[in-house]
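First comes the structure, then the notes that go with it.
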Amino acid sequence: MFTHVFLPLSLALLLFSLVGCSTVRSAWEKTTEAYETYVDPRPEINLDRRPGLSRAEQYLAMQFSLMDQNLEEALRALAPQDRFPSSGWFTDFLERFPWMTAIVAVDTQGRILTGRPETPIKSIDPAPLLDREWSMFQRGLQGFTQDTPLGPEMIIASPFFRDGTWQGLLIAHFDPRALVRFATAPERLVLLTPQKLLWSGADQATTQHIMEAPWERILRDRVHGRKSAEIDTVRWLSRPIGDLQLIYALALPNRAEP
């Protein structure tokens, strides 16, 4: 069973700030300076200036921080776009986030209005996204996953409106492998949701062990933790994209634990 452990602010607070709890928000506001000290969003990560972190925690921070930074920037670019954008916006979005497969707009019937590139390598089915209730009161970003012939695809959907009426969705989607490229040791990472494996760089036994965990129950009251096995110790962090929980897990040999 997963045991709850304290992770220093460098790991826990970034995801706590995304959960939406007022207590967490208050803690986040009081610890902005600590966050900036411990999690350096720039590619040059200086672990020597993070006193108080174990080597395993430093390693996890280095693996996940650049991945999550890029994902967070994409979410922030989509979140305020609640009207149908200009054609230039789609081009600019893909230039800013070249690791994305595509950015498209669909109407409430799922018909494609526009998008970039015109012929993406991987296409997704908008129908399951449209099944969700969208309105001015249900307008937050939502995450989804879909299987494609070329592997799973992560999807971020954002509604747009006209005169307060829902008109359709902006849909950004990407191959999880593109996000994992920002990690320096992807062979140790596992990227998953409670329902789906998105990336497995760890060995098959470790990946199976991670997938068999009761994630829906675990995530009710935790956003980070670890699980020790005979050979590896798995440290994990979860970040929400709407109702979807994206889990970063890192398998480290037990000798790397403090």
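The values are calculated or read from the model by the stated rules, or taken from the named source; none is laboratory data. Computed from a prediction, not measured in an experiment: that's the story for all the values here. Note: ideal-geometry Cβ built from the backbone for every residue, glycine included; neighbour counts use all protein chains shown.
Scanning segment 135-149 for residues that are in a loop (DSSP other than H, G, I, E, B) and either polar (S, T, N, Q) or within 17 Å of the chain's Cα centre (by Cα) (or both), which turns out nearest to Asp125 (Cα to Cα)? Per the criteria, the residue is Leu141.
Asn70 passes every criterion in (1) closer than 14 Å to Ala172 by Cα; (2) touching a residue at least 40 places away in the same chain (Cβ under 8 Å); (3) not hydrophobic (A, V, I, L, M, F, W, C); (4) not in a helix (DSSP H, G or I) apart from (4).
For Asp175, state whether it is modelled with pLDDT of 90 or more, of a type outside the set (A, V, I, L, M, F, W, C) and either over 17 Å from the mean Cα position of the chain (by Cα) or closer than 19 Å to Ala61 by Cα (or both). So Asp175 fails the test. Of everything listed in (1) at pLDDT below 90; (2) in contact with a Leu (Cβ under 8 Å, 6 or more places away or on another chain), the single unmet condition for Gln208 is (2).
Residues considered: Gly164, Gly242, Gly151. Of these, the only one that is surrounded by fewer than 19 Cβ atoms within 10 Å (Cβ to Cβ), small (Gly, Ala, Ser) and either touching a residue at least 40 places away in the same chain (Cβ under 8 Å) or more than 30 Å from Phe93 (Cα to Cα) (or both) is Gly242. Which one of these does Gly110 not meet: (1) part of a strand (DSSP E or B); (2) on the phi > 0 side of the Ramachandran plot? Looking at each condition in turn, Gly110 falls short on (1). Scanning segment 123-134 for residues that are charged (D, E, K, R) and either surrounded by 18 or more Cβ atoms within 10 Å (Cβ to Cβ) or at pLDDT 95 or above (or both) yields one hit, Asp125. When the residues of segment 129-148 are filtered to those that are aliphatic (A, V, I, L, M) and free of Cβ contacts under 8 Å to residues at least 60 places away in the same chain, the one that is farthest from Ile247 (Cα to Cα) is Met136. Scanning segment 203-222 for residues that are in contact (Cβ under 8 Å) with a residue 12 or more places away in the chain and farther than 19 Å from Thr145 by Cβ returns Asp203, Thr206, His209, Arg222. Looking only at residues in segment 196-230 that are touching a Ser or Thr at 6+ places or on another chain (Cβ under 8 Å) and aliphatic (A, V, I, L, M), the one that is surrounded by the most Cβ atoms within 10 Å (Cβ to Cβ) is Val223. Inside segment 79-112, residues that are out of contact with any Lys or Arg (no Cβ under 6 Å at 6 or more places or on another chain), buried (at least 19 other Cβ atoms within 10 Å of the Cβ) and among the aliphatic types (A, V, I, L, M) make up a count of 5.
Would you check if there is a residue in segment 83-101 being touching a strand residue (DSSP E or B) at 6+ places or on another chain (Cβ under 8 Å), of a type in the set (Gly, Ala, Ser) and modelled with pLDDT of 95 or more? So far as segment 83-101 goes, no, none of its residues is touching a strand residue (DSSP E or B) at 6+ places or on another chain (Cβ under 8 Å), of a type in the set (Gly, Ala, Ser) and modelled with pLDDT of 95 or more. State whether one or more residues within segment 173-195 are without any contact (Cβ under 8 Å) to a residue 24 or more places away in the chain, β-branched (Val, Ile, Thr) and over 14 Å from Ala249 (Cβ atoms). No, because not a single residue in segment 173-195 is without any contact (Cβ under 8 Å) to a residue 24 or more places away in the chain, β-branched (Val, Ile, Thr) and over 14 Å from Ala249 (Cβ atoms). The number of residues in segment 92-107 being assigned to a helix (DSSP H, G or I) and in contact (Cβ under 8 Å) with a residue 60 or more places away in the chain comes to 1.
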